[in-house]
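The values are calculated or read from the model by the stated rules, or taken from the named source; none is laboratory data. For clarity, every value in this text was computed on a predicted model and none was experimentally measured. All Cβ positions, even for glycine, are placed from backbone atoms using ideal geometry, and neighbour counts span all protein chains on display. Only protein heavy atoms, including side chains, enter the accessible area calculation; ligands, DNA and RNA are left aside. Shrake-Rupley method; radii C 1.70, N 1.55, O 1.52, S 1.80 Å.
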Amino acid sequence: ASFILYQNYPNPFNERTKIDYQISDAAGQADVIVEVFNTLGQKVKTLVSGMHAGGRYTVVWDGTDDGGNKLSSGSYYYRLISGSFISSKKMIMLK
């Protein structure tokens with residue numbers, strides 16, 4: 001298995017969405033960052049930051065920023081970074 005960032009679900013979403021990602025078993029322990037960005041490219045939320053063993057993981061985003069403030073409806077992007085692997089996907093929040 002390799003590094004994979006899956007499409008969030010549900011998408012579009014209202015109150016919360018789940019983001020699945022997979023870390024390569026061959027990587028052993030990998031430093032993983034999952035972040036959410038607005039359409040201007042500004043980081044609004046760090047969902048994951050730390051070491052992970054190989055396997056599949058799920059993180060839930062509740063539509064808030066790092067300060068706990070509810071964000072407005074619109075398009076957002078989420079990104080997984082682990083070593084040289086970088087992948088991003090688009091998601092839509094509707095209220």
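Taking the protein heavy atoms of the chain in the context of the full set of protein chains, the accessible area attributed to carbon and sulfur is 50 percent at 1.4 Å.
Give me the dipole magnitude in Debye, nearest 20, for the chain about the Cα centre, with unit charges on the beta carbon: positive for Lys and Arg, negative for Asp and Glu.
280 debye
Each peptide among 82-89, 12-19 gets the average number of other Cβ atoms lying within 10 Å of its residues, and from highest to lowest they stand as 12-19, 82-89. Solvent-accessible surface of the chain, taken per residue with a 1.4 Å probe and all protein chains present: 54 Å². Indicate the gyration tensor shape class of the range 1-46 (rounded, prolate or oblate), computed on the Cα atoms with a ≥ b ≥ c the square roots of the eigenvalues: a/c under 1.5 is rounded; otherwise a/b larger than b/c is prolate and the rest oblate. Oblate, because a/c is 1.5 or more while a/b does not exceed b/c.
Take every Cα pair under 8 Å in the chain that's 6+ residues apart, average their separations, divide by the length, and report that relative contact order as a whole percent.
Relative CO of the chain lands at 32 percent.
Distant-in-sequence amide contacts of Leu47, defined by a placed amide H-H separation under 5 Å and a gap of 5 or more residues or a different chain, comprise Val34, Glu35, Val36.
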